[in-house]
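Each reported figure results from applying straightforward, stated rules to the coordinates on display, with no laboratory input. What you see is a predicted model, and the numbers here were worked out from it, not measured in a lab. Here the Cβ is made from the backbone with ideal geometry for all residues, glycine too, and neighbour counts use every protein chain on show.
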Amino acid sequence: MKSILIIGLGRFGQHLCRKMVELKNEVMVIDVKEENVEAVMPMVTSAQIGDCTNVEVLKSIGVANFDVCFVCIGTNFQSSLEITSLLKECGAQYVVSKATRDIQAKFLLRNGADEVVYPDRDIAEKVAVRFSASHVFDYIEFNDEFSIFEIPVLEEWVGKTIKEVNFRAKYRVSILGYKRGDGTHLMPMAEHEFDENEHLMIIGKVEDVERLLKNFNNEKAKRKR
């Protein structure tokens, strides 16, 4: 459990707040709009109406006591930049600021942000990858080179073990786990037998995963013959 401060309760800030609470963190929120604060007040540890561009407001909160401070202001970049800088001046341990463009990220990082997130861009990229491929249920970009994909089980694998398929050597991707009706199972053994009702979580280079996904199209084409 961590102590979290969220500044700015627009759509992203509110979604972040709910998830942080769901994950059993202690969350304090602050926003200039009373209605935004009231929307999440029942679920958080504490809430306050205030303008965080005022350094006295930040000092009164005691920002140094939080494990992570999020700056979630999306409509006023000048305020986001000022608050990010003031948080560090007031002793904040770790500051994560929201950006919508690369130029904003550069300024935020120069002015105190330890990390910058692009929620709109990240969601758009994830949705684009998922719906561009016919056999991807979910997608997470791991880093610049590798990504995690959730895919179905190829018909030719059913009843065979990971070892029998020679999965890693044949497809140049690794299986992190699989989802089935009884839950999620991580790091399956080589003796795990593929089931048609499973979804696999695999990690690999995008080009290798795309090569693997072509097998599903080939399988579909064979069925039509």
| At ASP51 and MET189, where each label point lies 7 Å from the Cα along Cα→Cβ, what is the point-to-point distance in nanometres? | 6.5 nm
| On a 0 to 90 degree scale, rounded to 10, what angle separates helix 206-224 from the longest Cα axis of the chain? | 50 degrees
| note | Subtracting the Cα-Cα distance of MET43 and ASN166 from 0.36 nm times their residue separation yields 39.4 nm
| Using the beta-carbon distance between GLU89 and SER3 and R0 = 22 Å, what value does 1/(1 + (r/R0)^6) give for FRET efficiency, to the nearest 0.05? | 0.70
| field | Reachable lysines, given that their alpha-carbon falls under 29 Å from the alpha-carbon of LYS88 and they are not under 8 places away in the same chain | value | LYS2, LYS19, LYS24, LYS33, LYS59, LYS98, LYS106
| message | Relative contact order of the chain, please, whole-number percent, based on alpha carbon pairs below 8 angstrom and at least 6 residues apart. | response | 13 percent
| task | Return the calculated 222 nm mean residue ellipticity for the chain, to the nearest 500 deg cm²/dmol, obtained by summing -39500 (n - 2.57) across DSSP H runs with n ≥ 4 and dividing by the residue count. | result | -11500 deg cm²/dmol
| said: Once you keep just the Cα pairs under 8 angstrom separated by 6 or more residues, what percentage relative contact order results for region 3-117? | reply: 23 percent
| query | So what's the angle, to the nearest 10 degrees on a 0 to 90 scale, between helix 11-22 and the longest Cα principal axis of the chain? | reply | 80 degrees
| request: Count charges around ALA190 for me, please; just the other residues with Cβ under 14 Å from its Cβ, Lys/Arg as +1, Asp/Glu as -1. | output: +1
| query | Can you list the residues of region 54-93 with backbone N under 18 Å from a point 7 Å past the Cα of LYS24, pointing along Cα to Cβ? | reply | 67
| field | Net lengthening on full extension, ASP102/ASP67 (0.36 nm per residue, minus Cα-Cα) | value | 10.0 nm
| message | If I fit a long axis through the Cα atoms of helix 77-89 and take the longest principal axis of the Cα atoms of the chain, what angle between them do I get, 0 to 90°, rounded to 10? | response | 80 degrees
